Amino acid sequence: MKSGIKLPRLGGNPLDPFPPTSAALESPNGLLAWGGGLEPARLLAAYRMGIFPWYTQGEPILWWSPAPRCVIFPDRVHLSRRTRRRYNSGNYMLTVDTAFSAVIAACAAPRDHEAGTWITPEMIQAYVELHRLGHAHSLEVWRDGQLVGGIYGIAMGSVFFGESMFSRQTDASKLALVALCKLLEEWGYGLLDCQVGNPHLFSMGAVELGRERFERTLAELTRDTRPAESWRDRFRFAARW
C-alpha cells in the first residue's frame, strides 16, 4: 500500500465485492483498493466494473479505476498513411491468439526509458490463465517469421480491455492496435479500453470519457453475451487496408 494512504483492503475471498469506484482517489488518480489476489473470478469482476490491477514487484496488489478514462471507439481508430503503406507492403503477417505467452513476456520486458515493469510474474501467470479460459487474447505482428509487435487484453461482452502492447520494429505496435480495432469493429465491439491516455494513444484516435459516461457505456456493452473461447481460428485479415 502506498505510504500514508488509507485504502480499503481486499480479503482472501475472490468473490468479495470491490469498493464502489466513486471512492477512488483523485491523487493518485484512480487508486481504489489494495490486497486480495489475481484469481480469474476476481479479475473478471474487476474489469466488469472498470477496475484493473497495476503495481510493481515488491508492492501489494493495487486496484485502480482512473477518471477520465482513455478509450478508443474501434470504428474511429486513426490509420495514418505511413502505417497503411507499411501494412500494404505485404511484409507483415497478423495472427490472433497464436503466441499469447510470448506477447505478454515481450510487454513485460523492460523498456529503454523505464527502470522496471508493472507486469510481474504473478500478473503473467494470472493473464495466461485467463487466456487458457478464453477471456484474454493477443494479436501478433510477424515479419520474416519473427514476432515484432503485439497487444493483449481481456474481452468481456462487447468491450476489449487493452492491457499492454510492444514493438520491436517501427510502427509494429501501431499495426497491432489498428488491426485489433478493425477486428473489434467487424465483430460489433463498441469500445477498446486503454485505461490511461498518452500522446501515442491520442494520435491513434483515443479520447477521454468522464467516469459517469464510461461506466454507463461499460455497463451497456458488457451485458452482451459472447462465448469465452480462443479467437485463433475466427478472424481473417484483409490483405490490404
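The values are calculated or read from the model by the stated rules, or taken from the named source; none is laboratory data. What you see is a predicted model, and the numbers here were worked out from it, not measured in a lab. Here the Cβ is made from the backbone with ideal geometry for all residues, glycine too, and neighbour counts use every protein chain on show. Side chains included, ligands, DNA and RNA excluded: accessible areas come from the protein's heavy atoms. Shrake-Rupley method; radii C 1.70, N 1.55, O 1.52, S 1.80 Å.
In this structure, does THR56 turn out to be touching a Gly at 6+ places or on another chain (Cβ under 9 Å) and of a type in the set (Ser, Thr, Tyr)? The answer is yes for THR56. Summed over the stretch 13-65, the residues that are closer than 18 Å to VAL196 by Cβ and acidic (Asp, Glu) give a count of 2.
There is no residue in the stretch 98-113 that is open to solvent by less than 50 Å² (accessible area, probe 1.4 Å), closer than 30 Å to GLU212 by Cβ and touching a residue at least 60 places away in the same chain (Cβ under 8 Å). Residues considered: ALA172, ALA228. Of these, the only one that is under 17 Å from the mean Cα position of the chain (by Cα) and open to solvent by less than 10 Å² (accessible area, probe 1.4 Å) is ALA172. For the stretch 105-128, the criterion of being among the hydroxyl-bearing types (Ser, Thr, Tyr), part of a loop (DSSP other than H, G, I, E, B) and more than 23 Å from ARG240 (Cα to Cα) is satisfied by at least one residue. Can TRP142 be described as modelled with pLDDT under 95, open to solvent by less than 60 Å² (accessible area, probe 1.4 Å), touching a Ser or Thr at 6+ places or on another chain (Cβ under 9 Å) and not in a helix (DSSP H, G or I)? So TRP142 fails the test. If you check GLY58, GLY90 for being open to solvent by 40 Å² or more (accessible area, probe 1.4 Å), assigned to a loop (DSSP other than H, G, I, E, B) and free of Cβ contacts under 8 Å to residues at least 24 places away in the same chain, only one passes: GLY58.
Among the listed residues THR95, THR56, THR21, identify the single one that is over 21 Å from VAL159 (Cβ atoms), of a type outside the set (D, E, K, R) and at pLDDT 95 or above. Quick ask: steps written out before the conclusion?
Values: THR56 fails: at pLDDT 95 or above; THR21 fails: over 21 Å from VAL159 (Cβ atoms).
None of the other options fit; the residue is THR95.
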